[in-house]
Amino acid sequence: MSGVRTRFAPSPTGHLHVGGARTALFNFLYARHHGGTFVLRVEDTDRERSTDESTRAILESMRWLGLDWDEGPYFQSQRTRLYLEHVERLLEEGKAYRCDCPPEVVEAKRQRALIEGRKPKYDGTCRARTDVDPSKPHVVRFKAPQAGATVVPDLLRGEVVYDNEELDDLVILRTDGAPTYNFVVVVDDALMGITHVIRGDDHLNNTPRQIQLYRALGYPLPRFAHVPMILGPDKKRLSKRHGATSVEAYRDAGFLPEALVNFLARLGWSHGDQEIFSLQELIDRFDLGGVGRSASVFNEDKLLWLNAHYIKECPQDRLVDLVRPFLERKGYETANRDKLGVLVEAFRARCKTLAEFAEKATPYFVREIEVDPAAAKKYLKASIAPVLADLLEAFRAVERWDVPSLERAFLEVVEGKHALRIGKAAQPLRVAVTGTTVSPGIFETLMLVGREWALERIERALEMARARAAG
RNA sequence: GUCCCCAUCGUCUAGCCUGGCCCAGGACACCGGCCUUUCACGCCGGCGACGGGGGUUCAAAUCCCCCUGGGGACGCCA
């Protein structure tokens, strides 16, 4: 195991977002590629919004994606003492100070600054005070350097320079005694020996503050890599209003984990012209050099294409297992694995998601089907009635309900007796047994529907065709 | 408003660091064709981009500057 240690640190305030999942994936891949350790840490310092339910959901999504962590999950809510000790230390060393400015006052000043076009930062009212009463409500602020500049060395962007005047004295301990994000992140990353902090671009601006904290605390800096964000089709930060954004939602919509992983990896990272990567291949090939610098738009069409690809590739046994819950959700009987196997083979090239599979499989699980009116109008005409009647008779006589027998019977009637082209009869028959104009090969379809249902559906279609003759 | 980041087909991207092999390659989507009992799959083909302007150079997608555009951050959220 190399010295590389990365981490993923979600806050449990909702489901695992695809953006978060990609960050997790990059950290996972980087650690695995370098033979390092991938740490999972739950940032639940915000007691108000954090829930156990979210934690469960996030861990489950991570497992589903195959992003196994080597250490953790650690919970920040259980490490409060550590943080308080660090706050205390900064206080003692004069690197932090107590501030009892009322929140409303600070907020009002910020608003005014914003309106007046100034940088909305804390004005340092309490910075030099020594008379703040520790027994009264107050926060603790970090005494940030006021002159000079702080440089963020970033593996992807080079050295990003921030004028220290841009940064103010951030709160590190809230009035309620809870430490804040920017502070605990530094303490934890330092204590956990994280060597590479790989995270979203949106954190780049937090980094100079964090670097100042590392320095104040006397901890060595990890390496930083700020990866580009994922945007919605409107180029805005991807959010719920763009539709499904949680890993869970994609799972429920019938995406395979390998498709999502492959897709997420290719968002912001590339390896030449290659598009398809297994998780192992990603581990072998992933490195920061292949990561881009510009934000990328989440393109669902490509995800769909990848998903279709993986459905086509999926071994039958697993595909049957994957498809089952989707069928069950629709109340279909899934005990017959052989039937599912045949069905899955018939439809794997025709579905982009597992949900779509379940949708398309309806005529093979539900006895009463609806016949699409447009299809009926076009194909179940009076002229086809004699053919359907003969087919019905021929199929009734068929000994074995399998593809070769059905094909033989069909050809005898259609090409033999009626001298029709195959398509002329296949389409009406398809409409008869599936209610639609689209399905796998007609003999395969007949077989999938099964003798009993097929015969009764043909009978019904025959009635419809004859009715057209009458009317 | 201030600061920071970014900028190749509609989208994901290769190429950029180490200028010439690029009148820019691949993929998704789209359009056409082939295959075919329908639909898919598959195969073949097409459409389509270096944001603009200045430099530097014999030569720039590649280096520099400005502009424009987009994104992000400015919390007692993370």
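The values are calculated or read from the model by the stated rules, or taken from the named source; none is laboratory data. Keep in mind that what you see is a predicted model, and the values were worked out from it rather than measured. Here the Cβ is made from the backbone with ideal geometry for all residues, glycine too, and neighbour counts use every protein chain on show. In case anyone asks, the SASA skips ligands and DNA or RNA and just uses the protein heavy atoms, side chains included. Shrake-Rupley method; radii C 1.70, N 1.55, O 1.52, S 1.80 Å.
Things worth noting here:
- Failed item, numbered, when A:LEU67 is tested on (1) in a helix (DSSP H, G or I); (2) more than 15 Å from RNA strand B (Cβ to nearest atom); (3) open to solvent by less than 20 Å² (accessible area, probe 1.4 Å): (1)
- Of the residues making up the stretch A:208-232, those that are outside any loop (DSSP other than H, G, I, E, B), open to solvent by less than 40 Å² (accessible area, probe 1.4 Å) and near RNA strand B (Cβ under 9 Å from one of its atoms) are A:PRO208, A:HIS226, A:ILE230, A:LEU231.
- Every pair of residues 6+ apart whose Cβ atoms lie under 6 Å, when the first sits in the stretch A:320-340 and is open to solvent by less than 80 Å² (accessible area, probe 1.4 Å) and modelled with pLDDT of 95 or more while the second is of a type in the set (Val, Ile, Thr) and part of a loop (DSSP other than H, G, I, E, B): A:ARG324/A:THR334; A:LEU327/A:THR334
- Residue check: A:ASN182 meets all listed conditions (1) open to solvent by 10 Å² or more (accessible area, probe 1.4 Å); (2) assigned to a helix (DSSP H, G or I); (3) more than 15 Å from RNA strand B (Cβ to nearest atom) but one, namely (3).
- Cross-chain or 6+ apart pairs with Cβ under 7 Å, the stretch A:392-421 first and on the phi < 0 side of the Ramachandran plot, then of a type in the set (D, E, K, R): A:LEU392/A:GLU459; A:ALA394/A:GLU412; A:TRP401/A:ARG451; A:VAL403/A:GLU444; A:SER405/A:GLU399; A:VAL413/A:ASP390; A:LYS417/A:ASP390
- Identity of the residue in the stretch A:296-319, open to solvent by 70 Å² or more (accessible area, probe 1.4 Å), assigned to a helix (DSSP H, G or I) and farther than 28 Å from A:SER239 by Cβ, that ends up farthest from RNA strand B (Cβ to nearest atom): A:ASP317
Conditions (1) closer than 19 Å to A:ARG223 by Cβ; (2) touching a residue at least 60 places away in the same chain (Cβ under 8 Å), marked per residue:
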residue: A:HIS15; (1), (2): no, yes
residue: A:GLY19; (1), (2): no, yes
residue: A:LEU25; (1), (2): yes, yes
residue: A:GLY36; (1), (2): yes, yes
residue: A:ASP44; (1), (2): no, no
residue: A:SER50; (1), (2): no, no
residue: A:LEU59; (1), (2): no, no
residue: A:GLN76; (1), (2): no, yes
residue: A:LEU84; (1), (2): no, yes
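- Test for A:VAL152: is it surrounded by fewer than 17 Cβ atoms within 10 Å (Cβ to Cβ) and aliphatic (A, V, I, L, M): no
- Scanning the stretch A:120-129 finds one or more residues that are within 8 Å of RNA strand B (Cβ to nearest atom) and open to solvent by 70 Å² or more (accessible area, probe 1.4 Å).
- Residues considered: A:ASP100, A:ASP52. Of these, the only one that is within 29 Å of A:GLY232 (Cα to Cα) and open to solvent by 50 Å² or more (accessible area, probe 1.4 Å) is A:ASP52.
- The residues in the stretch A:320-355 that are within 16 Å of RNA strand B (Cβ to nearest atom) and over 30 Å from A:GLN274 (Cα atoms) can be counted, and the count is 2.
- Single match in A:ALA24, A:ALA108, A:ALA113 (criterion: modelled with pLDDT under 95 and open to solvent by less than 30 Å² (accessible area, probe 1.4 Å)): A:ALA113
- Qualifying residues in the stretch A:185-206 (those that are in a helix (DSSP H, G or I) and near RNA strand B (Cβ under 9 Å from one of its atoms)) - the one most open to solvent (accessible area, probe 1.4 Å): A:ASN205
Condition check ((1) assigned to a loop (DSSP other than H, G, I, E, B); (2) out of contact with any helix residue (DSSP H, G or I) (no Cβ under 9 Å at 6 or more places or on another chain)) across all residues:
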{"site": "A:ASP234", "(1), (2)": "yes, no"}
{"site": "A:ARG241", "(1), (2)": "no, yes"}
{"site": "A:GLU248", "(1), (2)": "no, no"}
{"site": "A:ARG251", "(1), (2)": "no, no"}
{"site": "A:GLY254", "(1), (2)": "yes, no"}
{"site": "A:ALA259", "(1), (2)": "no, no"}
{"site": "A:LEU264", "(1), (2)": "no, no"}
{"site": "A:PHE277", "(1), (2)": "yes, no"}
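- Top-ranked residue of the stretch A:239-282 - restricted to ones that are among the polar types (S, T, N, Q) and away from RNA strand B (no atom under 12 Å from the Cβ), ranked as surrounded by the fewest Cβ atoms within 10 Å (Cβ to Cβ): A:GLN280
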